[in-house]
Amino acid sequence: MFANLTKPDSANRRRDLFLTVSYKNYNRKLNHHMKRILYVLLTVFLCQCNDVQDASQETTTPQDYTQYVDPYIGTGFHGHVFLGANVPFGAVQLGPTNLTQGWDWCSGYHYSDTTLIGFAHTHLSGTGIGDLGDILLMPTTGEVNLKRGTLKDMSDGYVGFYDHSNEAVKPGYYSVWIDKYKVKVELTATARVGLQRYTYESDAQQNVVLDLDRGIGWDQPIETFIELVDDSTIVGYRFSKGWAVDQKIYFAMSLSAPVAKLVAEKDGALEAVKKLEGERLKVALVFDGLSNGELLIKTGISAVSIANATENLQKEVSGWGFDQVVKDADEAWNKELSKVAVDMPTKDQMKVFYTSLYHTMIAPSLFSDSNGEYRGADGKTYQDTSFTNYTTYSLWDTYRAAHPLFTLTQKNKVEDFVKSFLKIYEQQGKLPIWHLVGNETDCMVGYPAISVIADAYFKGFDMDAELAFEAMKASSTRDDYGMVHLKKLGYIPAELEKESVAKAMEYCIADWSIAQMAKELGHEEDYAYYNKRAHAYQIYFDSTTNFMRAKMSDGSFREPFDAFKSTHEWGDYTEGNAWQYTWLVPHDVEGLVSLFGSAEAFEKKLDSLFLVEGDMGEEASPDISGLIGQYAHGNEPSHHITYLYNYIGKPSKTAEKVRYIMDNLYTTKPDGICGNEDVGQMSAWYVMSALGFYQVNPANGELIFGSPLVNDAVLQMDDNSRLHIQVNNNSGENKYIKQVSFNGKPYSKSSISYKELAKGGDLIIEMDSVPSVDWGVLEKDFPKSSH
């Protein structure tokens, strides 16, 4: 069906197109009712024979959705996902950190590795740049050794090793056996507190290394502090710079057993200390013997102060009930996962779905303390209990699907996200682009927060609309990142600004959102200005080649031109090429179709995208992965493309490609994500697509039908609305939508509005093995880019 398919595993092999044929042929023989009966029976059986190790050892129930989450998915290949213990949207991501560093270790952990230098309290998930890794603890035995070791020489370092067979992980819990020190490590977490339980089985001296030196990726400490307040309390802070240039994290650590001494290296010798301040502190906590060899450590964190870290610790974990915290974390995850209750044909598909849903809730991450204080984007401390402040906004990625998904599954958090954006604007003078722990990293291109805000506004979420509009204008009229040329010339000359095509295309998408807000608020002059800017993509279209191309100051296209060529960071496109960026007009698909001259020409070119093969060059970004022809599912600019067929009355082609991607580019293996997870976006695409729809225009609230993978789904939304999706006659072969009904009435359109779905109701989709001749094929039933 498709050429040039790149399999998302370390060997980059071709994927077998017929991997699931034997199952699908069998499944086709079962009618829908029989499948539902078998599903119930299978669920009961699986709950009794759950193969996921449950730290609390409690009997699972049919409502135990965490049993389907496999946190290993995405820890291989280029997935870069976090592995460890956390709660939904929590400030703490407590997990293992490998000694190895590099691009595939952006989260601190990669499935290919077996080295271990400790357990840090903060991690990123799925990013293309490494950072955080704060407050690293490592249990050791024997004589104190503060040398970490290196990849070239591990012999004299405290670096440990592990085997995956001795790991156990589920949402909210992680454990591993470190054979070198004969110690079992268990981790769990609350929103702002990480708990560790070490069980030593060695008679040798028992130690814990506290490392404030090592971070992940670019992160480097600039000032650190440790104080032994009493024999069971340690406080301190770690200030560092990295991707986020001004990071501050304070901690308060409570121990279940007294520390005999705190040891640090000074002038080449080890000595006991009480208080230390320096650039790269590393100490060892030494114990005189632990009851039953057990030590528990609980650590509260804050971006504001040691006092707040202490308060967070005291409020969230009052005692030493480790198993109870594990149970609470599991319940927190189950509560969130249960908002989308699905029935899918296979257990593997259930695993992919719920792991994907889990991935969408690792971030944004909490960035305020229990007393309402938080560190602002200007470095000042604010206190505001009217909302909850969040950080870790990978907006160039997540504005496409993750944030639209949140408007269905996290209605109670959407307003907090938007208010966080607006507070950031007030503190730094522009809306966030890629915000991390109170810092603007300015990573990627465009001003994507604008689309997220507009989408929330038009979907009816409460906000200060005039402040939001003010923030949009301020963020889109600056002089940096090519905007000065956009304001003066109406486009961005390629010789004056790198990645000019990508920047301009992203600006157009956001400018459309600003125009719609202006129109709604009655700012007619602003509407005219931004509506014109929203259509500036037309300047880049070359009708002789049918590609979006870079323009020079004199108005000519840049020469020479190679539609396949990609140059990471310094080319005309961001992590892509002309084949991929030509389709980045989700806000005006009708206008894009007209540039091709006809729907037929548009369709022919779009078909070619999934078939053509070409050399991107040695300087191409490694982010361009998950290839089907030149379609790159591993990178976000491609994510809407499969759904464009609906706009020309060919929903069957959307169905074919969407179903193929779900079946082949998402698996249950560690390399089961074909590119960076990108803080939930890769997984959000799967969740939305598996439910049967995707929001192409990030701010118009129109969901485009594709090919639902679920047999049945119930979305229980935060405002008590309930959406039931029933998919009849669904199978691997029956991937085409035959007909749709909503709340008992026939529905012929190949898209449906968010406002209709968000009210709840019954969406019934009938599937077939052949494309429909009447559903979604008439022009009156095409999706519309505008409201």
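The values are calculated or read from the model by the stated rules, or taken from the named source; none is laboratory data. Small disclaimer: the values here were computed from a predicted structure and weren't measured. All Cβ positions, even for glycine, are placed from backbone atoms using ideal geometry, and neighbour counts span all protein chains on display. SASA here: full protein model, heavy atoms, side chains in, ligands and nucleic acids out. Shrake-Rupley method; radii C 1.70, N 1.55, O 1.52, S 1.80 Å.
Odds and ends about this structure:
- The distance from the alpha carbon centre of region 62-115 to that of region 260-290 is 30 Å, rounded to a whole number.
- Label-to-label distance, Ser753 versus Asp323, with points set 7 angstrom from Cα along the beta-carbon direction: 5.4 nm.
- Rolling a 1.4 Å probe over the protein heavy atoms leaves Leu422 with an accessible area of roughly 10 Å².
- Calculated FRET efficiency, Ser232 to Trp570, Cβ-Cβ distance, R0 = 51 Å: about 0.45 to the nearest 0.05.
- Approximate spin-label separation Lys532-Lys266, in nm, with each point projected 7 Å along Cα-to-Cβ: 7.0
- Region 352-379-region 718-765 distance, computed between alpha-carbon centres (Å): 31
- Rounded percent of accessible protein surface that carbon and sulfur make up, the chain, 1.4 Å probe: 49
- Tilt relative to the chain, helix 599-609 - C-alpha long axis, 0 to 90 degrees, to 10: 30
- The chain - accessible surface per residue (Å², probe 1.4 Å): 35
- Dimensionless Rg over Rh [the chain; C-alpha; Kirkwood]: 0.97
- Global form of region 261-344, assessed from the alpha-carbon gyration tensor, a/c cut-off 1.5: prolate
- Backbone N within region 479-493 under 19 Å of label point (7 Å from Glu525 Cα along the Cβ vector): 487-488
- Summary value for the chain: 13 percent relative contact order, contacts being C-alpha pairs under 8 angstrom separated by 6+ residues.
- If R0 is taken as 45 Å, the Cβ-Cβ distance between Asp179 and Ser338 corresponds to a FRET efficiency of 0.75.
- Label point distance in nm, Glu590-Lys152, each placed 7 Å from Cα along Cα→Cβ: 6.4
- Using a probe of 1.4 Å, the accessible surface attributed to Trp103 totals some 80 Å² when neighbouring protein chains are kept in position.
- Computed over every Cα-Cα pair of region 183-342 and binned at 5 Å starting from 0, the pair-distance distribution P(r) comes out as 2, 8, 16, 18, 19, 17, 11, 5, 2, 1, 0, 0, 0 percent.
- Computed on region 441-584, with alpha-carbon pairs under 8 angstrom and 6+ residues apart, the relative contact order is 23 percent.
- Across region 228-319, the relative contact order, built from alpha-carbon pairs under 8 Å that are at least six residues apart, equals 31 percent.
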